[in-house]
1. How many residues are at the interface with another protein chain (Cβ under 9 Å from one of its Cβ atoms) and buried (at least 18 other Cβ atoms within 10 Å of the Cβ) when one looks only at the stretch B:24-44?
2. For the stretch B:1-45, which positions are under 19 Å from B:E91 (Cβ atoms) and basic (K, R)?
3. Report, by residue number, each residue of the stretch A:62-92 that is within 13 Å of chain B (Cβ to nearest Cβ), touching a residue at least 60 places away in the same chain (Cβ under 8 Å) and more than 20 Å from B:Y94 (Cα to Cα).
4. Please go through the stretch A:49-60 and give me each residue that is surrounded by 12 or more Cβ atoms within 10 Å (Cβ to Cβ) and not hydroxyl-bearing (S, T, Y), ordered by number.
5. Which ranges mark the helices (runs of 4 or more DSSP H) fully within chain A that have 3 or more residues being modelled with pLDDT of 95 or more and in contact with a strand residue (DSSP E or B) (Cβ under 9 Å, 6 or more places away or on another chain)?
6. Return the residues of the stretch B:14-29 that are without any contact (Cβ under 8 Å) to a residue 12 or more places away in the chain and under 27 Å from A:N49 (Cα atoms); say none if nothing qualifies.
Protein chains: 2
Amino acid sequence: MIRHTVVFRLKHKENSAEEKKFLADAKRILAPIPGVEKFEQLRQVSPKNDYRFGFSFEFADQAAYSAYNDHPDHVAFVRDRWLQEVETFLEIDYVPLG
Amino acid sequence: MIRHTVVFRLKHKENSAEEKKFLADAKRILAPIPGVEKFEQLRQVSPKNDYRFGFSFEFADQAAYSAYNDHPDHVAFVRDRWLQEVETFLEIDYVPLG
């Protein structure tokens, strides 16, 4: 299992219509991409960093993760929405230890 | 549900006995603290950041999370091990969105 996570802050104002639309569209577009086994949308609540949201995806293996990365719906979302609307982000990917 | 995560890099050499001991002791000491519902030890595998490991904890609510933070076993672990053996870290806390 590979858990792909990204923590981020949007350019949009908090609780704005643009923020809601970004989050809804991300779920609608990314969650159904083949290989995504568990998709979570999260609110980042620690005061120890400046990120506001997180997405988490689980994949069976690297092949499934790579297929997702290369899927045209993912590529288009990154190009047309993520890079336009996200102010800052950090990707963190996990596999179980041991 | 609150998911407390921390991604970090140790001062120890990779695959060293000190690294193994830190990870084993963290599991032995932190996982049994009351309120910890799901404890995961993870390897960070993205080349897009310099962290090497992650821990993830789930708590029912803020009261359970605060009790964990204040628990003497946690306080002692942070003081005696974490601050001594961890080179750099980032805490990220999530709640489900919506």
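The values are calculated or read from the model by the stated rules, or taken from the named source; none is laboratory data. If you're wondering where the values come from, they're calculated on a predicted model, not measured in any experiment. Ideal geometry is used to build each Cβ from the backbone, glycine not excepted, and the neighbour counts take in all protein chains shown.
1. 3
2. Quick first cut of the stretch B:1-45, residues under 19 Å from B:E91 (Cβ atoms) only: B:1-11, B:22-23, B:26-27, B:29-31, B:33, B:35-44.
B:R3, B:R9, B:K11, B:K27, B:K38, B:R43, listed by residue number.
3. A:Q62, A:Y65
4. Kept after step one, since they are surrounded by 12 or more Cβ atoms within 10 Å (Cβ to Cβ), are these residues of the stretch A:49-60: A:49, A:51-59.
The answer is A:N49, A:R52, A:F53, A:G54, A:F55, A:F57, A:E58, A:F59.
5. A:17-30, A:62-70
6. Taking the stretch B:14-29 first, the residues without any contact (Cβ under 8 Å) to a residue 12 or more places away in the chain are B:15-17, B:19-21, B:24, B:28.
If the condition is that a residue be without any contact (Cβ under 8 Å) to a residue 12 or more places away in the chain and under 27 Å from A:N49 (Cα atoms), then B:E19 is the only one that fits.
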